[in-house]
Amino acid sequence: MAKKPALKERPMPPNPPSAPSKELHVFANPAPERDYVIQFQVPEFTCHCPLTGQPDFAHFTIDMICDELCIELKSLKMYFWSYRNEGAFHEKVTNTILDDIVKASQPRFIRITAKWYVRGGIYTNVIAEHRRKGWKPQPAVDLPSMPMERGLL
């Protein structure tokens, strides 16, 4: 019987390419003269209940109007990942995330909507927002709705 060659496990790099982190990175807003919305969707947020230790799952939506700085996407991903092994009440974690993003980027406006998956037959939604003092949104433009056309007229 022939001896099988030993399998070689690929060595881990000295610094993994990505790891959870509470550090949020920013970059210069390419259009600070204009109010425009950046929306982040985070459909796989995970932490755990501080009382039971059971996992909690949420879908976060972040709508923000930046001023001078924008949040860098990979650092936001690593930031959300950092909650995976932490216990946190829904209300606390949602407001902490808002505070941390405001501290890092000083946006004109930010709203975080956290839709928590069912727990004990109850869905929980937590919405928190920040407006920079003195900032006023532009008036909404109400456009007429037109029916969608399909095929040849």
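The values are calculated or read from the model by the stated rules, or taken from the named source; none is laboratory data. Everything numeric in this text was worked out from a predicted model, so none of it was measured. As a convention, Cβ positions derive from the backbone with ideal geometry for all residues, glycine included, and neighbour counts pool all protein chains shown. For accessibility, only protein heavy atoms count, side chains too; no ligands or nucleic acids. Shrake-Rupley method; radii C 1.70, N 1.55, O 1.52, S 1.80 Å.
With the chain treated as a Gaussian network of Cα nodes joined by springs under 10 Å, which of 112, 101, 38 yields the largest mean-square fluctuation?
38
Name the long-range amide H neighbours of residue 69: under 5 Å, sequence gap of 5 or more, or other chain; modelled H, no Pro or chain starts.
29
Computed from the coordinates I sent, semi-axes √(5λ) of the Cα gyration tensor in Å equals one of (1) 31, 21, 15; (2) 27, 17, 14; (3) 36, 23, 22. Tell me the label.
Here the calculated entry is (3).
Would you check segment 3-136 for Lys pairs whose C-alpha atoms are within less than 18 Å, ignoring same-chain pairs closer than 8 in sequence, and give me the count?
10
I'd like the carbon and sulfur percentage of the solvent accessible area for segment 67-153, probe radius 1.4 Å, heavy atoms only, ligands and nucleic acids excluded.
Result for segment 67-153: 56 percent of the exposed heavy-atom area is carbon or sulfur.
Specify which residue in the list 52, 148, 76 is farthest towards the positive end of the charge dipole of the chain, using unit charges on the beta carbon of Lys, Arg (+1) and Asp, Glu (-1), about the Cα centre.
About the Cα centre, the residue reaching furthest to the positive side is 52.
Give the shape of segment 83-126 as rounded, prolate or oblate, defined through the alpha-carbon gyration tensor: a ≥ b ≥ c are the square roots of its eigenvalues, a/c under 1.5 means rounded, and otherwise the shape is prolate if a/b is larger than b/c and oblate if not.
Here segment 83-126 falls in the oblate category.
Only Lys, Arg, Asp and Glu count, each charged at its Cβ (+1, +1, -1, -1), so figure out the dipole size of the chain about its Cα centre, rounded to 20 debye.
620 debye
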